[in-house]
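One structure is given here, and the rest of the page talks about it.
The values are calculated or read from the model by the stated rules, or taken from the named source; none is laboratory data. Given the structure is predicted, the values throughout are model-derived calculations rather than measurements. Neighbour counts run over all protein chains shown; Cβ positions are idealised from the backbone, glycine included. Accessible surface areas use protein heavy atoms only, side chains included; no ligands, DNA or RNA. Shrake-Rupley method; radii C 1.70, N 1.55, O 1.52, S 1.80 Å.
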Amino acid sequence: MRGPEPLGWDGYCERWSETHGGYDPREAPAPVRGWLRLCHRLGAGLVRLGVRSPNAITSIGLLSSAAVPLAAVTVPAGPLVAAILVLLSAFADTVDGVLAVVAAGATCLGQVYDAVADRLAEAAWLIAFALLGAPAWLAATCGAVMWLHEYVRARAAVAGMSDIGTVTIAERPTRILITIFGLLAALFDPRAATATLAIALAVSVVGFAQLSTAVRKALR
């Protein structure tokens with residue numbers, strides 16, 4: 001039995017913009033716009049099949065990420081398998097938001113669950129790099145700066161910042177790409193695990209500086 005017809009691309013973009021500080025995905029760079037459009041099609045297809053729970057998709061993404069550290073070090077071509085799992089998690093992380101919009105299934109509790117799932121997923125990715133040979137302190141420091149980025153934005157919104165402040169160099173899509181390419185590189189050179197976290201830390205520091213500047217301007 002087919003589900004109801006979901007919200008179309010333009011309607012999705014308008015609602016997405018309302019929950020992302022007025023940022024219209026139709027005006028995003030081509031790679032971001034293409035990614036969101038692909039995920040919109042996947043989400044719309046799930047709605048047509050009768051799937052309407054964003055939390056179920058969030059859980060699939062979280063379980064995929066939880067398997068990343070184990071896959072990275074225990075299965076043949078582990079880093080490759082781990083990279084595929086991160087990609088699956090990334091799709092789930094976007095599709096759950098699409099589903100919430102196109103099926104009008106968004107809830108406050110679901111938003112909290114999604115945010116917590118994102119942070120747990122990133123922790124699992126960092127653990128994978130540590131298991132592949134990166135220093136544990138580097139993984140912990142990288143995670144702290146990434147999570148501080150998200151915490152500051154959330155607290156700024158509570159304090160009265162009406163939009164996302166700025167799109168920094170260290171947003172989640174960037175972190176996903178660094179993780180995937182880092183895992184693929186680790187398949188050929190174990191030193192890539194440390195190099196990847198060093199790059200991620202540098203990007204996160206720059207992104208945090210960008211966000212801090214925007215927050216100061218918005219709340220001054």
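Worth pointing out:
- Signed unit charges on C-beta, dipole axis of the chain, positive-most listed residue 78, 116, 28: 28
- For the range 71-193, dividing the convex hull volume of the Cα atoms by the residue count gives 113 Å³ per residue.
- For the chain, calculated [θ]222 nm from helices alone, where every DSSP H run of n ≥ 4 adds -39500 (n - 2.57): -25500 deg cm²/dmol
- DSSP H segments from the chain that extend 20 Å or more along their own axis, Cα-based, with Kyte-Doolittle mean of -1.0 or above: 30-48, 78-102, 108-131, 136-159, 172-186, 192-219
- The stretch between residue 32 and residue 112 holds 26.4 nm of extra length on full extension. This uses 0.36 nm per residue minus the Cα-Cα distance.
- What a 1.4 Å probe finds exposed on the range 1-152 is 69% carbon and sulfur by accessible area, rounded to a whole percent.
- Per residue solvent-accessible surface (Å²) - the chain, probe of 1.4 Å: 51
- The chain: C-alpha gyration tensor shape, a/c 1.5 cut-off, then a/b vs b/c: oblate
- About its Cα centre, the range 97-219 has a charge dipole of approximately 260 debye under the convention of +1 per Lys or Arg Cβ and -1 per Asp or Glu Cβ, with nothing else charged.
- Over the range 1-102, the hull volume per residue, using the convex hull of the C-alpha atoms, is 108 Å³.
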